[in-house]
Amino acid sequence: MFLEPHFKGQRSGWIEVICGSMFSGKTEELIRRLKRAKIANQKVEIFHPKIDTRYGDSKVVSHDANYILSTPIDHSSQLLDLTDGVNVVGVDEAQFFDEELVENVQKLALRGIRVIVAGLDMDFRGQPFGPMPQLLAVAEYITKVHAICQHCGNLATHSYRLTADDKQVVLGEKDRYEARCRTCYHMGNILDLRTEPSVKKTAPK
Ligand code: ZN
């Protein structure tokens with residue numbers, strides 16, 4: 001489990017990244033860290049991209065309804081204006097943000113802010129997603145969380161899309177995605193190649 005670092009002398013800001021597949025508990029881990037900071041009387045703000053409308057406008061909702069209110073923003077540059085006097089900034093669904101998120105969270109860290117970023121590390125194709133690979137490169141601390149493969153029970157690292165849509169961003173939960181291990185993810189893709197795209201995938205159980 002991630003424990004907050006101790007500081008000697010002047011406190012500086014830093015960046016933490018929580019990454020993983022769908023259903024891996026990224027948002028739950030983000031909320032856990034933010035709640036701990038709140039209990040310690042630190043000023044906490046959370047942001048998510050406006051594109052993510054799954055739970056309405058104003059909150060980050062984890063899958064167990066253990067949520068914290070969050071502010072939707074259009075562009076990562078708004079983080080710089082909305083975090084005066086804030087000690088800890090949470091950013092959820094970071095993969096949907098613009099590439100400038102990488103620069104902007106570094107600016108926040110230089111202002112002495114602890115920034116905790118959560119997001120999908122890979123898209124449904126298994127490719128690095130949006131600004132996440134750059135964030136992983138510049139972060140002080142990285143936590144990769146795992147789901148459980150819905151087919152074999154091993155640790156899952158991939159988000160397998162159940163529908164034939166090939167756009168990178170398709171919002172959905174268990175109606176559209178399964179968490180799969182590397183092997184089951186690739187087996188699924190191989191089977192897909194043998195059938196028509198329109199009938200290639202089945203609805204989840
Ligand atoms: Zn598996």
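Of all residues in the stretch 143-169, those that are open to solvent by 20 Å² or more (accessible area, probe 1.4 Å) and either in contact with a Cys (Cβ under 7 Å, 6 or more places away or on another chain) or not in a strand (DSSP E or B) (or both) total 17.
Annotation note: of Val169, Val89, the sole residue that is more than 16 Å from the ligand (Cβ to nearest atom) and in contact with a strand residue (DSSP E or B) (Cβ under 7 Å, 6 or more places away or on another chain) is Val89. Among the residues of the stretch 170-194, those that are of a type in the set (Asp, Glu) and not in a helix (DSSP H, G or I) comprise Glu173, Asp175, Glu178. Selection over the stretch 121-136 of residues that are more than 16 Å from the ligand (Cβ to nearest atom) and small (Gly, Ala, Ser) gives a count of 1. In the set Ala139, Ala118, Ala109, Ala164, only one residue is in contact with a Pro (Cβ under 6 Å, 6 or more places away or on another chain) and away from the ligand (no atom under 16 Å from the Cβ); that residue is Ala164. The set of residues in the stretch 92-125 that are open to solvent by 20 Å² or more (accessible area, probe 1.4 Å), part of a loop (DSSP other than H, G, I, E, B) and closer than 14 Å to Ser76 by Cβ comprises Glu93, Asp98, Glu99, Glu100.
The values are calculated or read from the model by the stated rules, or taken from the named source; none is laboratory data. Source: prediction; values computed, not measured. Positions of Cβ are generated from backbone atoms using ideal geometry, with glycine treated the same way; all protein chains shown enter the neighbour counts. For the accessible areas, the whole protein counts, side chains as well, though only heavy atoms, and no ligand, DNA or RNA atoms are used. Shrake-Rupley method; radii C 1.70, N 1.55, O 1.52, S 1.80 Å.
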